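The values are calculated or read from the model by the stated rules, or taken from the named source; none is laboratory data. All values reported here derive from a predicted model rather than from experimental measurement. Please note: Cβ atoms are built from the backbone with ideal geometry, for glycine as well, and neighbour counts cover all protein chains shown. Areas reflect the complete protein model, heavy atoms only, side chains present, ligands, DNA and RNA absent. Shrake-Rupley method; radii C 1.70, N 1.55, O 1.52, S 1.80 Å.
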Amino acid sequence: MKKTPQKQIKNTKKAKSGRRILSLKFAIFIALFALVGSIFIYKSFAVTANNVSNNCPSLSTRENTVFWYQPIKDGDIVKFGCPKVIVGNWNWTQDDIAHVKAATGADVYSYLEMFWLPASGQFDGIDYSNVPGWQFCNNGNTPMIGDYSGSAHPNWYYVDLNSQKVIDTFKTYASNQKTKGFDGIFLDTGGQAMVYGQIWSKKSTCTQDPINTSRTAGDSFASLPISLAQLGMGSFVNIGIAPDLNVPKFRPDPTRSDCIASLPTCVPLNDIMQNANYVLNENVMNNYNDADWPHLIDVLYSDQNVPLNPARSKAKVVTMGRYFGPEDSTKPAHILYQWASMKLLNVSVNFGTGDDGVGGNRHGIAPTGLTNTQLGTPLSNWGMPGKLLTDGVHGIWYRRYSNGIIVLNNSSVTRITGVIPIFDDGSCRYLNSQPTNQAIGGAICNKTINRSLKPYTAEVITYSKLSSKR
């Protein structure tokens with residue numbers, strides 16, 4: 001066999017070594033290119049998201065909220081606008097939460113049902129299947145079947161929130177949600193748990209490891225915001241009904257017989273209002289005509305008074321409207337009417353919980369122009385009647401704020417608001433109609449408004465010191 005010269009062998013080795021080095025350099029180049037590309041894509045999204053957030057006002061000045069119980073899809077986040085807080089689906093991913101926060105700058109809360117659960121003990125990502133005795137008992141050791149509005153749910157049971165193991169599991173779940181990026185937990189069905197359900201004034205008869213032997217179901221639920229605060233998380237409690245806050249109270253005291261009997265002498269407790277960050281009154285405005293007006297007038301005297309006494313209440317009240325009107329071209333006007341009706345109250349407003357048509361709440365949320373509206377400080381004590389009919393309910397309603405006004409016609413005929421001064425001192429403003437921010441009132445600085453409103457319609461008008469037409 002012919003031998004290869006040593007010099008040729010050395011040159012061949014050098015060539016092979018050179019090719020290996022080139023291949024390695026090329027591989028490193030490709031990897032770096034991919035890394036830079038991925039960073040660019042991420043940065044591109046982050047810049048876009050932050051641009052949206054940077055266009056939002058300071059979180060402390062925002063007035064309204066958004067609920068979105070659906071998974072996050074492309075194009076969803078732009079629907080949120082600039083709310084103060086967003087209540088999202090419990091299974092949003094860490095990336096979902098980060099993207100929502102980058103785009104809106106809002107706090108993000110995770111939905112949770114803690115009042116009753118399926119027999120499996122598993123729901124909304126929380127799992128009590130390995131927690132012995134997680135169910136509430138009303139008689140002996142027999143778990144009590146959950147019941148709501150007289151309709152029995154045979155496979156759902158009330159949760160014993162006075163059980164230490166149950167609360168420990170709850171805290172672990174909440175901590176995991178915090179790790180994902182959630183700022184707090186939205187606790188649903190608080191009204192049933194603390195005010196008007198079957199067990200609010202009762203103690204479980206089968207608690208294996210009670211936190212406090214004197215605690216009722218209502219007491220236990222009311223302590224959940226404290227548990228969350230210990231974890232550095234906020235709490236948002238669905239109270240279901242309007243708390244009567246003209247006096248310092250919220251939930252009936254389960255230790256008082258007159259509270260259990262719903263007597264006028266009942267002296268309720270206000271702990272939930274002092275410990276929660278937000279409470280939700282979800283029964284304010286569910287119709288696009290005047291069907292809810294008697295109820296709305298009742299709560300005008302309650303919800304709005306929360307911020308008047310900070311020592312009495314830390315929680316911010318949020319009202320929720322739901323759309324049950326026709327799915328046609330009139331829908332935007334109906335949503336505007338319902339939103340404006342709620343904004344006669346000096347409270348944060350939310351509308352719906354999604355737009356996929358699932359359930360009664362997911363038929364659309366408020367347009368971003370309404371979510372972003374900041375009306376400012378109210379200039380009157382409550383929604384003022386304008387030209388009302390003799391029934392004292394139907395006609396023109398309005399409420400003036402430092403940065404805008406709500407005008408509304410809840411009657412079956414077209415009505416004129418009449419002349420309403422913008423400010424008592426005669427100051428003028430340029431006018432913009434929301435949610436489109438369209439300039440109205442001409443290219444002049446207006447001292448008054450006088451609008452014609454069709455039946456069951458409203459206008460949300462904001463002010464500016466400079467005309468948007470210039």
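The figures follow:
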| read-out | value |
| --- | --- |
| Yes/no for residue 136 being surrounded by 18 or more Cβ atoms within 10 Å (Cβ to Cβ) and closer than 25 Å to residue 279 by Cβ | yes |
| Criterion violated by residue 433 - all others in (1) modelled with pLDDT of 95 or more; (2) within 23 Å of residue 389 (Cβ to Cβ) satisfied | (2) |
| Residues (open to solvent by 50 Å² or more (accessible area, probe 1.4 Å) and out of contact with any Ser or Thr (no Cβ under 6 Å at 6 or more places or on another chain)) located in segment 86-97 | 91, 93, 94, 95 |
| Single residue of segment 161-203 satisfying the filter (in contact with a helix residue (DSSP H, G or I) (Cβ under 7 Å, 6 or more places away or on another chain), part of a loop (DSSP other than H, G, I, E, B) and touching a residue at least 60 places away in the same chain (Cβ under 8 Å)) that is farthest from residue 235 (Cα to Cα) | 202 |
| Residues located in segment 422-448, provided they are open to solvent by less than 60 Å² (accessible area, probe 1.4 Å) and part of a loop (DSSP other than H, G, I, E, B) | 422, 423, 426, 427, 428, 435, 441, 442, 445 |
| Residue match in segment 99-108 (condition: in contact with a strand residue (DSSP E or B) (Cβ under 6 Å, 6 or more places away or on another chain), open to solvent by 30 Å² or more (accessible area, probe 1.4 Å), assigned to a strand (DSSP E or B) and closer than 16 Å to residue 233 by Cβ) | yes |
| Selected residue (criterion: modelled with the highest pLDDT) from residues of segment 235-257 that are farther than 15 Å from residue 200 by Cβ and surrounded by fewer than 19 Cβ atoms within 10 Å (Cβ to Cβ) | 244 |
| Residues located in segment 54-68, provided they are at pLDDT 95 or above and either closer than 19 Å to residue 358 by Cα or part of a helix (DSSP H, G or I) (or both) | 66, 67, 68 |
| Test: residue in segment 336-355 that is over 18 Å from residue 406 (Cα atoms), open to solvent by 10 Å² or more (accessible area, probe 1.4 Å) and at pLDDT 90 or above | yes |
| Residue count, segment 400-415 (criterion: open to solvent by 10 Å² or more (accessible area, probe 1.4 Å) and in contact with a Phe, Trp or Tyr (Cβ under 6 Å, 6 or more places away or on another chain)) | 1 |
| Any hit, segment 405-421, residues being in a loop (DSSP other than H, G, I, E, B) and within 24 Å of residue 369 (Cα to Cα) | yes |
